[in-house]
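Colleague: For reference, the structure I am asking about is given below.
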Amino acid sequence: MTTRAGRAVRRQFGRIFAIGLAVVTVGSLTGTAAHANPTTKAVPTPAFGSNVTIFDPSQPVEQIQAVLDATYAKQVNNEMGTDRYAFYFKPGTYGTDTKPLKFKVGYYTEVAGLGASPNDVVINGKIEVFNRCTADGGTSNCLALVNFWRTLSNLSLKVNGYGETDGCRGATNFWAVSQAVSLRRVNVSGAFSLMDYCGAGPYYASGGFIADSQFGSVVNGSQQQWLTRNSKLDSWSNAVWNQVFSGVEGAPSEDLFPSTPYTTLAKTPVSREKPYLFIDAAGKWNVRVPSAQKNSSGITWGSGLTPGRTIPLSNFFIAKPSDPEWLIQANLLLGKNLLFSPGVYHIDQSLTVLWPNQVVLGQGHATLTAVNGATPLRVLDVPGAIVAGLTIDAGTKESKTLLQVGTKLGLGASSANNPTTLSDVYFRVGGPHIGKTDTALEVNSDNVLIDHTWVWRADHGVEGFSGDTERWKTNTGRYGAVINGDNVTATGLFVEHFQKYNTVWNGNGGTTVLYQNELPYDPPTQADWMNGSVEGYAGYKVGDKVKTHNLYGAGVYVFNQNNPSIHTENGFEVPNRPGVKLHHIMTVNLAAGTIDHVVNGVGGPADTTGIGVPVFVTDYPAP
């Protein structure tokens, strides 16, 4: 019998093969986005579009500073806007001891070096994110809780506050951020703080992610949770609720947990670094695609080029928001890799990744927005496909999924040594506009790596709601992440505010290293927040049939601001089997509502008698 899913797959194949045939017939694989700039010298600068700026070390510091400052002024408060930017630095040194390059990074901004190694690009100065002050005309309520959507990668930073008269800021680089922000392949010399403790306060922050990086001293400060993976540290100052270190040389010990809430894994079970642009010695543009690693630690670039493969940029189709979907899909069909230049892409028919090792890479937080209930992006059951650096938004008509990896039909192949990988892929349901989806991220393939994602049903935005009760009924997302495949690994899984289970893990052999969740703020009544006869939905659910699963370092938070009387029975819900193990988990009350137990009836309540005080379970089941 032909299933509905089978018919859908055949229709999808039929559509994309028809597109491919049409393209071959007319003999064109390019749109305006693929044309090189004829005015450049020797190796042309790729036509990335007007929102990509490439700096050269020969440019005056003042000129570079002016460009970056002007963009920051536009983006510092542009939380729900549509502008997207990428700034790339060619190999060389920028700034001097007495004339440092110091700039700040706003929303939807990517800053990256273009060297083969982070040491090829040196910024002598500062690259910072400060608190946003949201009250009294921008002079108080200064915090970093909504400092989302920005990226820093592939460069060295020599912290230099020369000329600063504020003694509080002078010697430290501040990176006060929350979710959907990554630091990758950075080499920092000098003091680095993950909070901004200068100014009016209250200084709250809720990030974040570091990978493949090297730091001296790091001040964690107010950061509620953080994952540092495959890196090197000289020192780390403190912890708040949930700081996780995986494969990090110099990581603090977890021996004093929970009095010091560190979770430390000597090696990362499965990892793969995010692909990155670089210019080689001949001036040619390439993308380096790192290899997957098992049981790894430390940085990948310490002894030379990061292990992996190099793809000439000529093997990528460079898409712009003005390009028709059929052209983008046709290039995917014929084996091209895909680079999305910065912007917002309105997708009304699924783009499909269908070849092994195919790479889809976004610049400047390029955003795919669902139109007419489409799933903006699908990845078929193929090994080694990579999706990185994209934000995927729900549209106003409900989508079944926003990103689907695999078909549920078992039609394809997977590889434990070459996992399909999602890196810095973020999801939004609401925020800039009303959004609707049943499930944001659905993973059906085996052997998939999810390396840093934020799956967010918006708790605030510009949708025009009169109140949060209306948001509950209108801005709808039932499930955040549903993992059906076996042997799926997640390093840095942040999922928030969905209306049923935020995460459901049905596959065997799964591993999560750092999980962060806020339950939805906005259920109007307890009746709206019931799972049958059970009060509420756990923030992390491992399926009843799962035999093996490992979770390291996880928190579920409650803030039922619409109705503080609402209860959730358990923060975590898992089958009671020896092969299902949870290590260092907690719940916490942020000011309203109650989580009665941490996991399966174990652990006391997180309620308003202990606001901000975690309830920890060191291991479940207890040894």
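Colleague: Near Ala116, within a Cβ-to-Cβ distance under 11 Å, what is the net charge of the other residues, with Lys and Arg +1 and Asp and Glu -1? Before the final figure, lay out each step's value.
Modeller: Working: positive: Arg185, Arg288; negative: Asp120, Asp280.
After counting each charged neighbour, the total is 0.
Colleague: With charges set only on the Cβ (+1 for Lys and Arg, -1 for Asp and Glu), what does the dipole of the stretch 330-620 come to about its Cα centre, in debye to the nearest 20? Provide the component values of the computation, followed by the final result.
Modeller: On the way: 17 positive and 25 negative charges, 137 e Å.
Computed about the Cα centre, the dipole is about 660 debye.
Colleague: I need the peptides 327-335, 136-144 ranked by packing, meaning the mean over residues of other C-beta atoms within 10 angstrom, with the highest value on top. It would help to have the intermediate numbers written out before the result.
Modeller: Working: 327-335: 20.4, 136-144: 15.4.
In decreasing order of mean packing, 327-335, 136-144 become 327-335, 136-144.
Colleague: I've got another one for you. I want the local charge near Thr306. Using Cβ-Cβ distances under 12 Å, sum +1 for each Lys or Arg and -1 for each Asp or Glu among the other residues. Each step should come with its number before you reach the end.
Modeller: Values: positive: Arg184, Arg185, Arg272, Lys274, Arg288, Arg309; negative: Asp212, Glu273.
Charge balance in the 12 Å sphere: +4.
Colleague: Work from the charge dipole of the stretch 330-620 (Cβ charges, +1 for Lys and Arg, -1 for Asp and Glu, about the Cα centre) and give the residue of Trp456, Asn484, Ile611 farthest towards its positive end.
Modeller: After comparing all options, I get Asn484.
Colleague: Can you give the % of DSSP beta bridges in the chain that are antiparallel, to the nearest 5?
Modeller: Details: 25 of 180 bridges.
About 15 percent, rounded to the nearest 5.
Colleague: Within the stretch 364-403, which trypsin sites (Lys or Arg not before Pro) sit in a loop by DSSP and count at most 15 neighbouring Cβ atoms inside 10 Å?
Modeller: On the way: sites: Arg378, Lys397, Lys400; in loops: Lys397.
Here the sparse-neighbourhood loop sites are Lys397.
Colleague: Could you give the dipole magnitude of the stretch 240-346 about its Cα centre, charging the beta-carbon of Lys and Arg +1 and that of Asp and Glu -1, in debye to the nearest 20?
Modeller: On the way: 9 positive and 7 negative charges, 76 e Å.
I would put it at about 360 debye.
Colleague: Assigning unit charges at the beta carbon (Lys, Arg +1; Asp, Glu -1) and nothing else, what dipole magnitude in debye, to the nearest 20, does the chain show about its Cα centre?
Modeller: On the way: 46 positive and 47 negative charges, 383 e Å.
Its charge dipole is roughly 1840 debye.
Colleague: Just to be sure I understand: of the beta bridges DSSP finds with both ends in the stretch 330-620, what percent are antiparallel, rounded to 5? Mind showing how you got there, number by number?
Modeller: Details: 9 of 99 bridges.
Among the beta bridges of the stretch 330-620, antiparallel pairing accounts for roughly 10 percent.
Colleague: Find out how many positive minus negative residues lie around Leu143, taking Lys and Arg as positive, Asp and Glu as negative, among other residues whose Cβ is under 13 Å from that of Leu143.
Modeller: Working: positive: Arg132; negative: Asp196.
Counting the neighbours of Leu143, the net charge comes to 0.
Colleague: Something else about it: Per-residue ellipticity at 222 nm for the chain, helices alone: DSSP H runs ≥ 4 residues times -39500 (n - 2.57), over residue total, nearest 500 deg cm²/dmol? Could the numbers behind the result be given before it?
Modeller: Working: 4 runs with 54 residues, N = 623.
Here the helix-only value at 222 nm equals -3000 deg cm²/dmol.
Colleague: Apply the Karplus curve 6.51 cos²θ - 1.76 cosθ + 1.60, θ = phi - 60°, to the phi angles in the stretch 219-224 and return the couplings in whole Hz, x for Gly and Pro.
Modeller: For the stretch 219-224, the Karplus curve yields 9, 6, x, 8, 4, 5 Hz.
Colleague: Could you give the distance between the Cα centres of the stretch 139-204 and the stretch 555-623, to the whole Å?
Modeller: One Cα centre to the other: 31 Å.
Colleague: Distance check, please: which entries in Lys294/Lys500; Lys99/Lys320; Lys90/Lys126 exceed 28 angstrom between their Cα atoms?
Modeller: Details: Lys294/Lys500 33 Å; Lys99/Lys320 36 Å; Lys90/Lys126 17 Å.
From Lys294/Lys500; Lys99/Lys320; Lys90/Lys126, over 28 Å: Lys294/Lys500; Lys99/Lys320.
Colleague: Hey, what did the chain get for relative contact order, percent, Cα under 8 Å, at least 6 apart? Intermediate results must be reported in sequence, preceding the final value.
Modeller: Values: 1871 pairs, mean separation 46.6, N = 623.
Taking the mean separation of contacting Cα pairs over the length of the chain, I get 7 percent.
Colleague: Residue farthest toward the positive end of the dipole of the chain, with Cβ of Lys/Arg at +1 and Asp/Glu at -1: which of Trp175, Thr228, Tyr537?
Modeller: Thr228
Colleague: Using 0.36 nm per residue, how much length does the chain from Lys294 to Asn531 gain when fully extended, once their Cα-Cα distance is taken away?
Modeller: Full-extension gain reported as 81.5 nm.
Read-outs: derived from the displayed coordinates by stated rules, not from any lab. In this text, all values refer to a predicted model and were calculated from it rather than measured experimentally. Quick reminder, even Gly has a Cβ in these numbers, built from the backbone with ideal geometry, and neighbours come from all protein chains shown.
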